[in-house]
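Let me begin by presenting the structure, written as structure tokens, before commenting on it.
The values are calculated or read from the model by the stated rules, or taken from the named source; none is laboratory data. Just so it is clear, the structure is predicted and the values come from calculations on it, not from any experiment. All Cβ positions, even for glycine, are placed from backbone atoms using ideal geometry, and neighbour counts span all protein chains on display. For the accessible areas, the whole protein counts, side chains as well, though only heavy atoms, and no ligand, DNA or RNA atoms are used. Shrake-Rupley method; radii C 1.70, N 1.55, O 1.52, S 1.80 Å.
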Amino acid sequence: MNGDLEIPNNGIGFWTNRWYWGLPGDTIVPNLFDIKPQYDAFSAWLETFNKVDNAKLDERYIWITIYGEVYVDYGYFGFMWFVIYGLFSQMLYRHISRGNLSVYAIYPFAMQCNFGWYSGAAIGTRATLLCVIIAVYITVSNKIHQRKEMI
């Protein structure tokens, strides 16, 4: 690498928070912090190939991995992403050990991300967001069921 590679939407948390971009209202939070992504999610992904080619790198070796995404988003502070993610994974494991049913909806994505670091920050996808919604639903349903049993 000779320093010529410029990945689209770098430095704004775009790649590790892909689940957010493209949702309705995805400009509300960025406008609060004066963050303006240059490309939408799909265009940014496509543009990475052009940027690799423009930097005279071999396009067969597109560099985006979980480590690359975190570095592009946070620079050398990216290690904090892994610390927070590790604490999150540990918290999920402890809840599963206690039999908390709602965590089962989220934990597989956390483990897939742990074992899939060669690919991307998969914990930050819309599928994960859907699993969080499912987990909240299960938690609320369990609370309602427990209250009905008490009555």
List the pairs whose first member sits in segment 30-43 and is within 15 Å of N17 (Cβ to Cβ), whose second member is polar (S, T, N, Q) and in a loop (DSSP other than H, G, I, E, B), and whose Cβ atoms are under 6 Å apart, counting only residues at least 6 apart or on separate chains? P37/N9; Y39/N9
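Can you name the residue in segment 28-43 that is in a helix (DSSP H, G or I) and not hydrophobic (A, V, I, L, M, F, W, C) and, of all such residues, is surrounded by the fewest Cβ atoms within 10 Å (Cβ to Cβ)?
Pass one, segment 28-43, residues in a helix (DSSP H, G or I): 28-32, 41-43.
Remaining after also requiring not hydrophobic (A, V, I, L, M, F, W, C): 30-31, 43.
Details: P30: 16, N31: 9, S43: 13.
The selected residue is N31.
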The one condition in (1) more than 28 Å from F109 (Cα to Cα); (2) open to solvent by 70 Å² or more (accessible area, probe 1.4 Å) that L46 fails to fulfil: (1)
Looking only at segment 54-111, which residues are at pLDDT below 75, part of a helix (DSSP H, G or I) and over 30 Å from K143 (Cβ atoms)? E59, R60, Y61, I66
Taking segment 1-18 only, how many residues are over 13 Å from E69 (Cβ atoms) and open to solvent by 50 Å² or more (accessible area, probe 1.4 Å)? 5
Considering every residue within segment 115-125, establish whether at least one is farther than 15 Å from W15 by Cα and either out of contact with any Gly (no Cβ under 6 Å at 6 or more places or on another chain) or modelled with pLDDT under 85 (or both). yes
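Take the residues of segment 126-136 that are open to solvent by less than 50 Å² (accessible area, probe 1.4 Å) and under 22 Å from A41 (Cα atoms): which is modelled with the highest pLDDT?
Initial filter on segment 126-136 (open to solvent by less than 50 Å² (accessible area, probe 1.4 Å)): 127-128, 131, 135.
So of that shortlist, the ones also under 22 Å from A41 (Cα atoms) come out as 127-128, 131.
On the way: A127: 71, T128: 70, C131: 75.
It comes out as C131.
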R94 vs (1) surrounded by 12 or more Cβ atoms within 10 Å (Cβ to Cβ); (2) over 30 Å from D4 (Cβ atoms): all pass except (1)
